[in-house]
Amino acid sequence: MEPILKVKNLKKYFPVKKKKLFERRKYLKAVDGVDLEVYPGETIGLVGESGCGKTTLGRTILKLYQPTEGSIIFDGKDIAKIRGKVLKDFRRQAQIIFQDPYASLNPRMKVKQIIEEPLIVHGYSRDEREKIVDEIMESVGLNPEHKFRYPHEFSGGQRQRISIGRTIALRPKLIVCDEPVSALDVSIQAQIINLLEELQDTYKLTYIFISHDLSVVRHISDRVAVMYLGRIVEIADKKEIYEKPHHPYTVALLSAIPIPDPEKERNRKRIILKGDLPSPINPPSGCRFHTRCYKAKERCAKEEPKLVEVSSGHSVACFYPENT
Ligand SMILES: Nc1ncnc2c1ncn2[C@@H]1O[C@H](COP(=O)(O)OP(=O)(O)OP(=O)(O)O)[C@@H](O)[C@H]1O
Ligand SMILES: [Mg+2]
């Protein structure tokens, strides 16, 4: 099967404000050389601690940020270079769902207007819009009779349903879900995850699912990519990565998940990472993770390990991987 999305050497650098007038211009390397292929209909989980570049990667893939370098091939076209009508068409096909349904919905618009807005932008007729709004409300589990209400008249979970409805109204192929349930009550999270899974079936959607909740990612993903300081350090099928993590960073992340079985939980060895995430302005030499790695040796500070496939579909960027 051909990938729907092929990202090559993608970089997004943000210029840092100069402190002194004659200082050299510095850059914050939020995404720094990502390769990724996404296949139609799959869900890729994207994990890693706060500040590692997940959101920036998601937004750059959708061209909400102009990439600094690299290519983004979607449906055979390099999105990094397109503009005008081709870009507008891409915007219809590739969408984002945000974490916070409060911030992303205009409080002065009725639900109907919220869902309709992207349809107007893309030139749908009034009749088509009427039909789509009702249909979409049904498919996200809202009563179409409530379409004249305002966002504040709904609960948090319902608001996320509205925002998901708005996203799928244009029938996109690819959706970046950026922490879509993190702001919600735990009891509501499962409902929204189920809804996303249902919609994926109905509308044949492909998801890039960003989250720091590894249990949620385990539930929803087909494959999982682990990010550290702007790079993907490991990627594999879900089962494989949870059972046989290779990268010490992945091992450490997974060791932080509580296990429901009390006996296993008692024997769980937590690996506490040393220190904080280093600054993406001056990332460490060699392997970026070496400053915090429990396995680091001399070589790790000097040479940068490349992401290489060590078994079918399982790639890791580490000189001394675990469980191999
Ligand atoms: N618009 C921006 N301008 C400048 N720096 C940015 C911008 N957006 C993100 N950054 C920086 O880029 C790095 C990556 O941030 P990003 O938000 O992509 O991380 P994240 O993995 O999504 O984190 P979180 O889990 O907290 O959402 C951080 O150092 C952040 O401060
Ligand atoms: Mg983020």
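Name the residues whose placed amide hydrogens come within less than 5 Å of the amide hydrogen of K12, ignoring near sequence neighbours (fewer than 5 apart) on the same chain.
Close amide H contacts, sequence-distant or interchain: A30, V31, D32, G33, T68.
So what's the Cα pair-distance distribution over the stretch 5-316, bin width 10 Å, in %?
6, 24, 31, 23, 12, 3, 0
Between I96 and residues 5 or more places away or on another chain, which pairs have amide H atoms under 5 Å apart, with H built 1.01 Å from N, and which residues are they?
V176
Going through the stretch 1-47, which chymotrypsin sites (Phe, Trp or Tyr not before Pro) have at most 10 other Cβ atoms within 10 Å and a DSSP loop state?
Taking the stretch 1-47 and a limit of 10 other Cβ atoms within 10 Å, the loop chymotrypsin sites (Phe, Trp or Tyr not before Pro) found are F22.
Using the Kyte-Doolittle scale, find the helices of the chain whose mean hydropathy is at least -0.5 and whose Cα atoms extend 24 Å or more along the helix's long axis, counting only whole DSSP H runs.
Once both thresholds are applied, what remains is 186-203.
Can you tally the net charge around D222? Count Lys and Arg as +1, Asp and Glu as -1, for every other residue whose Cβ sits under 9 Å from the Cβ of D222.
So the surrounding residues net to 0.
Where is the GNM fluctuation largest for the chain (alpha-carbon springs, 10 angstrom cutoff): D213, D134, D185?
D185
How big is the Cα convex hull of the stretch 65-168 in projection, averaged over all directions, in nm²?
The orientation-averaged projected area of the Cα hull of the stretch 65-168 comes to 7.7 nm².
Write down the percent of antiparallel bridges among all DSSP beta bridges whose residues are both part of the chain, to the nearest 5.
So the antiparallel bridges amount to about 60 percent of the total.
Can you pull out the trypsin sites (Lys or Arg not before Pro) in the stretch 51-137 that DSSP calls coil and that have at most 12 other Cβ atoms within 10 Å?
R83, R108
Pick from Y228, Y207, Y102: which residue has the top mean-square fluctuation in a GNM of the chain where Cα pairs under 10 Å get a spring?
Y102
Bins of 10 Å, beginning at zero and ending with the bin holding the largest distance: percent of Cα pairs per bin for the stretch 1-137, please.
Histogramming the stretch 1-137 at 10 Å steps yields 10, 30, 31, 21, 6, 1 percent.
For the stretch 142-203, what is Rg from Cα atoms divided by 2.2 N^0.38 Å, rounded to two decimals?
Computed over Cα atoms of the stretch 142-203, the ratio equals 1.12.
For the stretch 35-92, take the convex hull of the Cα atoms, compute a quarter of its surface area, and give me that in nm², please.
About 4.6 nm², averaged over all directions.
Y203: net charge of surrounding residues, Cβ under 10 Å, Lys/Arg +1, Asp/Glu -1, itself excluded?
On the way: positive: R171, K173, K204; negative: E198, D201.
Net local charge, Y203 excluded: +1.
Sort out for me the Cα centre separation of the stretch 45-85 from the stretch 190-207, rounded to whole Å.
Cα centres, the stretch 45-85 to the stretch 190-207: 22 Å.
Averaged across orientations, what area in nm² does the convex hull of the alpha carbons in the stretch 251-324 project?
Numbers: hull surface 25.8 nm².
Convex hull of Cα atoms, orientation-averaged projection: 6.5 nm².
Amide H to amide H under 5 Å from V233: which residues, 5+ apart in sequence or cross-chain, H placed 1.01 Å off N in plane?
Sorted by chain and number, the residues that satisfy this are V226, M227, Y228.
Can you list the lysines whose alpha carbon is less than 28 Å from that of K77, not counting same-chain residues fewer than 8 positions off?
K6, K8, K11, K12, K29, K54, K63, K85, K88, K173, K204, K306
Post the alpha-carbon centroid distance, the stretch 215-262 to the stretch 129-161, in whole angstrom.
Each part reduced to its Cα centre gives a spacing of 35 Å.
Give, as a single signed number, the net charge of other residues whose beta carbon lies under 14 Å from the beta carbon of G157, with Lys and Arg counted +1 and Asp and Glu -1.
Once positives and negatives cancel, what remains is -1.
Thinking of the stretch 141-275 as a set of Cα atoms, what percent of all their pairs are more than 18 Å apart?
Details: 5685 of 9045 pairs.
Here the long-distance tail beyond 18 Å is 63 percent of all Cα pairs in the stretch 141-275.
Based on Cβ point charges of +1 for Lys and Arg and -1 for Asp and Glu, what charge dipole magnitude is obtained for the stretch 5-316 about its Cα centre, in debye rounded to the nearest 20?
With Lys and Arg at +1 and Asp and Glu at -1, about 1760 debye.
Readers should treat all values here as calculations from the given coordinates under stated rules, not as data from a laboratory. These numbers come from a predicted model, not from an experiment. Here Cβ is always computed from backbone atoms with ideal geometry, including for glycine, and neighbour counts include all displayed protein chains.
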